[in-house]
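Okay, structure first, notes after.
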Amino acid sequence: MAKLPKSILDLTGYFERLPGIGPKSAARISFYILNAPENFSKEFAESLAVLKERVKICKNCFGVSEEEVCEVCLDEKRDKGVIWVVEKAIDMMALENVGGIAGVYHVLGGLVNPLDHVGPEDLKIEELIERIKKGEVKEVVLATNSTMEGEATALYIKKEIKDLGLEIKISRLGSGLPIGADLEFADQATLSRSMEGRREI
């Protein structure tokens with residue numbers, strides 16, 4: 001039985017490691033790149049190299065940026081008293097695409113998940129608490145996904161904030177996001193309803 005060239009198999013193997021890409025999709029992408037104009041594959045490879053070289057983690061919110069501090073954190077018009085707490089930088093982008101957020105963000109870098117050996121100490125929760133201790137924050141919106149891990153993380157953060165003894169409103173995204181859904185896959189109308197219907201917890 002004939003085998004595909006090793007270079008195609010190697011590339012397909014890398015695509016299979018990407019989230020949401022199965023073996024068939026990975027093979028289709030590999031063959032698309034193989035048959036695409038040569039300048040496409042060169043530009044594609046260059047963009048990957050530039051991505052890893054230029055993109056940094058914002059030192060304030062832990063989102064992504066090509067600078068030390070992201071555009072959102074540098075925006076003087078933003079209300080620094082409202083922090084939207086999200087799991088990943090891509091969730092931050094999803095909320096930004098909806099528009100209407102006057103506050104700033106805090107990216108946790110994951111969710112509490114004992115099965116995967118991820119505890120609160122593995123996330124940017126302590127950094128969030130330090131931001132809150134500075135005294136500017138009046139509301140924290142826990143915009144983690146409505147999964148078991150997202151709920152557990154939100155409850156843990158709520159307790160940590162309450163233990164500070166400060167007068168801070170703690171809210172959660174409202175109805176609109178189904179249980180088990182990820183922010184990055186929600187449409188703009190659903191996200192907008194969730195943001196408007198956030199509730200205090």
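The values are calculated or read from the model by the stated rules, or taken from the named source; none is laboratory data. All figures in this text were calculated on a predicted structure; none of them were measured in a lab. Don't worry about glycine lacking a Cβ; one is built from the backbone with ideal geometry, like all the others, and counts go over all protein chains shown.
Does Lys56 count as in contact (Cβ under 8 Å) with a residue 40 or more places away in the chain and surrounded by 11 or more Cβ atoms within 10 Å (Cβ to Cβ)?
So Lys56 does not fit the description; no.
Limited to segment 1-23, what total is found for residues that are under 27 Å from the mean Cα position of the chain (by Cα) and assigned to a helix (DSSP H, G or I)?
7
Cβ contacts < 6 Å: first residue closer than 28 Å to Glu66 by Cα, restricted to segment 23-51; second residue polar (S, T, N, Q), any location; separation 6+ or different chain. Result?
Close Cβ pairs satisfying both conditions: Ile33/Ser41.
Pairs under 9 Å by beta carbon, first residue in contact (Cβ under 8 Å) with a residue 24 or more places away in the chain and farther than 20 Å from Lys56 by Cβ in segment 71-84, partner part of a helix (DSSP H, G or I) and basic (Lys, Arg), six or more apart or different chains?
Short answer, once both residue conditions are applied: Ile83/Arg131.
Return the total of residues in segment 94-140 being touching a residue at least 24 places away in the same chain (Cβ under 8 Å) and part of a helix (DSSP H, G or I).
Qualifying residue count for the region: 13.
Scan Gly119, Gly103, Gly109 and give me the residue that is loosely packed, with under 14 Cβ neighbours inside 10 Å and among the small types (Gly, Ala, Ser).
Gly119
When only residues in segment 122-165 that are in contact with a helix residue (DSSP H, G or I) (Cβ under 7 Å, 6 or more places away or on another chain) and among the hydroxyl-bearing types (Ser, Thr, Tyr) count, which is modelled with the lowest pLDDT?
Thr144
Only one of these conditions is not met by Thr144: (1) assigned to a helix (DSSP H, G or I); (2) over 16 Å from Cys58 (Cβ atoms). Which number is it?
Answer for Thr144: the failing condition is (1).
Among all residue pairs at least 6 apart or on different chains, which show Cβ distances below 8 Å where the first residue, located in segment 159-171, is farther than 14 Å from Gly81 by Cα and the second is outside any helix (DSSP H, G or I) and hydrophobic (A, V, I, L, M, F, W, C)?
Here the result reads Ile161/Val140; Ile161/Ile168; Ile161/Ile170; Lys162/Ile170, each pair linking segment 159-171 to a residue that is outside any helix (DSSP H, G or I) and hydrophobic (A, V, I, L, M, F, W, C).
Could you tell me whether any residue of segment 167-178 is surrounded by fewer than 16 Cβ atoms within 10 Å (Cβ to Cβ), within 22 Å of Val98 (Cβ to Cβ) and at pLDDT 75 or above?
Yes, segment 167-178 contains a residue that is surrounded by fewer than 16 Cβ atoms within 10 Å (Cβ to Cβ), within 22 Å of Val98 (Cβ to Cβ) and at pLDDT 75 or above.
Do you know which residues across segment 35-92 are in a strand (DSSP E or B) and among the charged types (D, E, K, R)?
Result: Lys56, single match.
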